[in-house]
1. Using the structure shown, list the pairs from 26/86; 12/76; 12/148 with a Cα-Cα distance above 32 Å, or answer none.
2. Taking the mean number of other Cβ atoms within 10 Å as a proxy for protection, how do you rank 124-132, 4-12, 22-30 from highest to lowest?
3. Students sometimes get this wrong: rank 32, 81 by accessible area, probe 1.4 Å, all chains present, largest first.
Amino acid sequence: MYLKFDHVGPRKPHQDGEGNTGLWLKVVNNCRISIAFSASGGLPGDIETNVEDEVVEDEPILTIIGSVQEEQEYKKDLKLRRERLKHKPMGYSNEVSGIAVVQPGKELLISFPLNHVDDYWYLRVKFALKLDNSSIAVGPFTYLPFTKWDIPKNERVRES
């Protein structure tokens, strides 16, 4: 199973302060077992389900600095990272939660605000294999990550 980019486009905000531009993804279940997500249904007539996600800070990688100029650029990037992380969204957590199930060989269209992915963070969606009726509550859980770099280059836009 994996998250597949569908498009960037208009969406109805689900929480205060969200923009109208959404990142539309498909959960693709390419295994033999159903998968289940903690979710809440949209309003009647909505074309997507509201699946919970987490917005996770992207860990910096090991950096080898070979010159004074590289060190200055690294410090500048660290400062920018700290400033951007002050504005990192929290992700979705449903107060009233249900279950969205994706059967083997099927897909589920989901959307998130575009700012749930950035140079410094990514989104991930938690799921469980639907082995029985309690598996979504007790796990074990696995995560499907999606980064800014999973968006095709020609589709990357900046949200204002």
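The values are calculated or read from the model by the stated rules, or taken from the named source; none is laboratory data. All values reported here derive from a predicted model rather than from experimental measurement. Cβ sites come from the backbone with ideal geometry, for glycine too, and all protein chains shown count toward neighbours. The protein model used for the area step is the full one, side chains on, heavy atoms only, and it has no ligands, DNA or RNA in it. Shrake-Rupley method; radii C 1.70, N 1.55, O 1.52, S 1.80 Å.
1. Cα-Cα > 32 Å for 12/76; rest within.
2. The peptides rank, most packed first, as 22-30, 124-132, 4-12.
3. Output order, biggest surface exposure first: 32, 81.
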